[in-house]
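Comments concern the structure below.
The values are calculated or read from the model by the stated rules, or taken from the named source; none is laboratory data. The structure displayed is predicted, hence computed values, not measured ones. A quick note on method: Cβ atoms are made from the backbone with ideal geometry, for glycine too, and the neighbour counts reach across all protein chains shown.
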């Protein structure tokens, strides 16, 4: 920062402090170690000054002022704890307590309750209130996850503001007025939000409690350790908490660079997989009568025997840490001597190496902070609310608070469309063509592209080659001087690429001259008997690879396979040796998130049985194969990484030791980009041709940007793209999405199938958590309105979807999706889409 | 001897049979002042004129109207004018009469104000219960459009103005300007955090001027007659006239337009003196929010009443005679505020609820000696600490009742019952626990309602 920030000097409780102008008094005081009591104030949200707890005396002001909404100014003299403000604080607490049930002994919040703590510090010793307290029906289940006790509520509005400002899921509101004011959901509408758990964490009392944690523990009985959420590539810092060896709660840790203060409900609640009884606890070795439990020594010997001198391949899952990834790469390249290693289970081409052409990393050049401060964001990828929920929050913040222009390119409506300035609805595979057009000045939306620009790209649909789309995204970012944010599918994805778990890239993006086989090639080779052995590290190819049939044939036909896993997965059932793995809260490690930020996991509890980190399993296996890496600890692995991975030379894992807020580190690439000039040739998709979208003029569906800095809620109320605000009145239907001409009857050769993940799916982790399983949507087929009609169907009808030899029945949902295309969630109850995807096209028929 | 004057009341007092019609307004020089302002004065000249006249807001705070207008940024569009016609202060019924009996005067004022601040859209936020008034205003707005006083190109100029009438849904808090804006936008009516002030960021985030009905109704007279003429009434700092809604134990309750500066005793005389020759015990000089006075030798202007520790407020003057139980008075007043508290901030929400509980006990004979200090503590706990002035108002009313009539409270506690029940029979409900009742009572007793006023039951249930 070169611009000088204006500073002011003020005095708080006799201590002079110099700080930036415009900051809030409550924050400045807190930095001085002066904690002004508060309930409604939360640094992640706008001040509302409703609890009146943080009143302080400012010299010259006629009344006490709320320090949460008073900006500091020069020469201000503030008293926070003299008689007048302290008296007011005490009085507020007395007011808040008159109707509070004081049921602390049975309240989950007891022991970590801001109301309790502040009553001890600032409150009166006894109450003068002798009347009966206000009473409400206790413990209302306002959703599967959240329980509301209105008697405990102090009406701080934190939950409401979170839903209003942060998540945009306005399902809870104030009802009634005066002393009858209460927080409630709307009648018959549950608190249906992917972010609802955050309201529990920020509730300053026990009004909102977690259904999964009610009466489970007292805070002083909990042991906790910092960790990183392992469900998506955002990598939110969390704290894992256990009691009696059982993981009972996960909460968000704040990091303004990553997650602000928030995590999604999957991150918060889907931890029950850790102590699931189904976990693998001991190695299994296939004998004549099926699997038999074995010691590690026996299992490693069997595995080594099966792998020795074989043509082999290594496939890694997306949940591996950086260390596991490095171990897998070393195991494949050095121990097995093969280039056949990959982690890309989506079979999307995920052409990370393309980024090296324009930018110096095989991944993002943008950070999430860049996204938040961008003037223009182009999004071409999966629905971030389903796959990268906290990134969705940050995108939303960029649009709602900072009025960034958001251009969304894709074949179907996703959550971001609601926030978009322009929605470019393309045919499948038309993304690249549409983004190309954004480069030409005449295209709608192109005029809105301004600096700073961040182009976000992620593989949206499993089993489709997305190379062209990624190339177009890179070109757009490069040509417009913007940055690229690559959104890989899993928590470990970036680390796996960095560590060389890629057939064409060695650790640190060293390009391999003759690349080995990728995931599909390895499975095909295994299926045809051309590959002797497979090592699957956290890779459940039968569930996760988009061609279930190929995965099955590969596992059936491969001569020998070793699986390192948490659970006895479908894939593991075919293995010859199964080695049990440790889960994230049970281990030390690092994840590299989508912005190449390394964050560290600390072990909270021991793994079950003899399970251990995958890198340890691989180290032992290498030793059994005669290749001793001499790794005994996390530090040993890192010493090796620092020596051999150029991009990670400067990384000091000790600096990642978790604190609160968690330390994290974004490493710089040591590479020079191979193409630096502005005239760099475009990186073309396969065949050198860009797939084209709609014919000229058709693809753009534009809405107007919101021209005024309106109140958030006025914005929210009418934020659908296509509505043009005119002096406070929304004009509806200015631009509605229409199917282009020419689509009348269902395509004779069936529909093109797209499939992407939903947040709550049948994945191994979510499905072990009962509450989330109950929230999981059953499988559905999403189709365009015209297409649904052309089949004589209506929304909600049951249909049979058939692709190749596979067919299934589920409900049809009318959605905004390109004509001739259907969307099926990847893995929901009732339908595993990866059994259909390889067919490419599917037919839909009504079930009568 | 002070007497009524007729400025804002001119047309409706002179022509009680048809004062609300356009024909009558036009025959009486209606819209001439608006035409003058729009066709021959610049907006700045109008602002200057109103500043020079010293017109002060008549909704309660008495803020100088011209100064308020000058806070609105000139170069930001669109901006809005909003008329606060949510007259809810217990004891006040002046705006209701103005809208019912002279809506064209109000519209004329709106044209002048909108011209002055550069707004092309004005909203009248009408209290939901005002059925007749809203219909009269609706009709008057339609007539004004039909005659080219509203709409596009007013008076043949390029000035466009639309007026939208919006009926509230029955919340006192919506008389607070920022809560009014929230309600007008379709949200829950609750005060907003200030700054930003409405002049900078008001309705839909745009610069907004919010004025009271009576204030706006005064504008045509200032434009027509000039600042000097206007300053011929009232005091140096409170120039002009003010309509006082007089109610309570007086012989002729009603709305009286008088110059600022006459005393409460003089106003009482205008209103026919105390009923049945009873002795005056207490006066609420400016609506239920205002601290009480115990005699009438105070001038009715902003400065004098402030000096006396109370306020002019909205101009609701309630005279209470010796038979009034002040505990009861404190109870019904506090009940009103507890009922109308929006629930946003802790002290107002919890404090008013608590005070009602304590007052109920004291009134019904279950009071304890320490309750009197507790009541004062509750009042002090709310005062100056609530989010908006509603809480402050509740605390002032409560505190002045306890402080000025502590002996009565002590008698209630000591006797274990309300002494007034026995001495004077049933309680006289003075300051209504519900503002609806109060306003209706005042008008009804004053006998000035030209037609029976339909309440919310008759009118709104069908409509909504």
Could you list, in sequence order, the residues of region A:206-239 that are modelled with pLDDT of 95 or more and in a strand (DSSP E or B)? A:208, A:209, A:210
Any residue that is more than 27 Å from residue B:337 (Cα to Cα) and within 14 Å of chain B (Cβ to nearest Cβ) - is there at least one of those in region A:148-168? yes
Here are some residues: A:68, A:51, A:40. Which one is within 8 Å of another protein chain (Cβ to nearest Cβ) and buried (at least 23 other Cβ atoms within 10 Å of the Cβ)? A:51
Report whether or not residue A:29 is surrounded by 15 or more Cβ atoms within 10 Å (Cβ to Cβ), touching a residue at least 24 places away in the same chain (Cβ under 8 Å) and closer than 21 Å to residue B:377 by Cα. no
Quick one: which of A:172, A:142 is under 34 Å from the mean Cα position of the chain (by Cα) and in contact (Cβ under 8 Å) with a residue 40 or more places away in the chain? A:142
Can you give me the number of residues within region A:763-800 that are crowded, with 17+ Cβ neighbours inside 10 Å, assigned to a strand (DSSP E or B) and within 30 Å of the chain's Cα centre (by Cα)? 4
From the list A:659, A:570, A:556, which residue is over 20 Å from residue A:491 (Cα atoms), touching a helix residue (DSSP H, G or I) at 6+ places or on another chain (Cβ under 9 Å) and at pLDDT below 95? A:570
Say whether the condition of being out of contact with any strand residue (DSSP E or B) (no Cβ under 9 Å at 6 or more places or on another chain) and outside any strand (DSSP E or B) is met by at least one residue in region A:5-17. no
Out of all the residues in region B:343-357, which are over 16 Å from residue A:154 (Cβ atoms) and at the interface with chain A (Cβ under 8 Å from one of its Cβ atoms)? B:352, B:357
Checked region B:136-175 for anything surrounded by fewer than 16 Cβ atoms within 10 Å (Cβ to Cβ) and under 23 Å from residue B:59 (Cβ atoms); matches are B:138, B:164, B:169
Do any residues in region A:283-297 that are over 23 Å from residue A:613 (Cβ atoms) have Cβ atoms under 6 Å from those of residues that are crowded, with 19+ Cβ neighbours inside 10 Å, where the two are at least six apart or on different chains, and which pairs are they? A:286/A:576; A:292/A:285
Return only the number of the condition from (1) surrounded by fewer than 23 Cβ atoms within 10 Å (Cβ to Cβ); (2) closer than 18 Å to residue B:353 by Cβ that residue B:367 does not satisfy. (1)
Quick one: in region A:116-144, which of the residues that are out of contact with any helix residue (DSSP H, G or I) (no Cβ under 6 Å at 6 or more places or on another chain) and buried (at least 21 other Cβ atoms within 10 Å of the Cβ) is farthest from the other protein chains (Cβ to nearest Cβ)? A:143
Test residue A:793 against the stated conditions and say whether it is modelled with pLDDT of 90 or more, closer than 27 Å to residue A:318 by Cβ and in contact with a strand residue (DSSP E or B) (Cβ under 7 Å, 6 or more places away or on another chain). no
Among the residues listed as A:29, A:88, the single one being away from chain B (no Cβ under 14 Å), in contact with a strand residue (DSSP E or B) (Cβ under 6 Å, 6 or more places away or on another chain) and either within 20 Å of residue B:344 (Cα to Cα) or assigned to a helix (DSSP H, G or I) (or both): A:29
Just one listed residue, out of B:122, B:179, is touching a helix residue (DSSP H, G or I) at 6+ places or on another chain (Cβ under 7 Å) and under 24 Å from residue B:47 (Cβ atoms), and it is B:122
Considering residues that are in contact (Cβ under 8 Å) with a residue 60 or more places away in the chain, over 30 Å from residue A:510 (Cβ atoms) and assigned to a helix (DSSP H, G or I), the number found within region A:360-394 is 8
If you check residue A:188 against the conditions, is it closer than 22 Å to residue A:251 by Cα, surrounded by fewer than 19 Cβ atoms within 10 Å (Cβ to Cβ) and away from chain B (no Cβ under 14 Å)? no
Filter region B:199-256 for residues that are within 14 Å of another protein chain (Cβ to nearest Cβ) and without any contact (Cβ under 8 Å) to a residue 40 or more places away in the chain; which is surrounded by the fewest Cβ atoms within 10 Å (Cβ to Cβ)? B:205
Being within 14 Å of another protein chain (Cβ to nearest Cβ), part of a helix (DSSP H, G or I) and surrounded by fewer than 18 Cβ atoms within 10 Å (Cβ to Cβ) is the requirement here; does residue A:22 meet it? no
Filter region A:820-832 down to the residues that are assigned to a loop (DSSP other than H, G, I, E, B) and surrounded by fewer than 23 Cβ atoms within 10 Å (Cβ to Cβ) and list them by number. A:820, A:830
Criterion violated by residue A:78 - all others in (1) more than 10 Å from every other protein chain (Cβ to nearest Cβ); (2) within 21 Å of residue B:196 (Cβ to Cβ); (3) buried (at least 23 other Cβ atoms within 10 Å of the Cβ) satisfied: (2)
Do the conditions hold for residue A:56, that is, is it more than 10 Å from chain B (Cβ to nearest Cβ), without any contact (Cβ under 8 Å) to a residue 40 or more places away in the chain and buried (at least 20 other Cβ atoms within 10 Å of the Cβ)? yes
Consider region A:227-250. How many of its residues are more than 20 Å from residue A:589 (Cβ to Cβ) and in contact with a helix residue (DSSP H, G or I) (Cβ under 7 Å, 6 or more places away or on another chain)? 1
Of the residues that make up region A:96-108, is at least one in a loop (DSSP other than H, G, I, E, B), within 14 Å of another protein chain (Cβ to nearest Cβ) and under 26 Å from residue B:383 (Cβ atoms)? yes
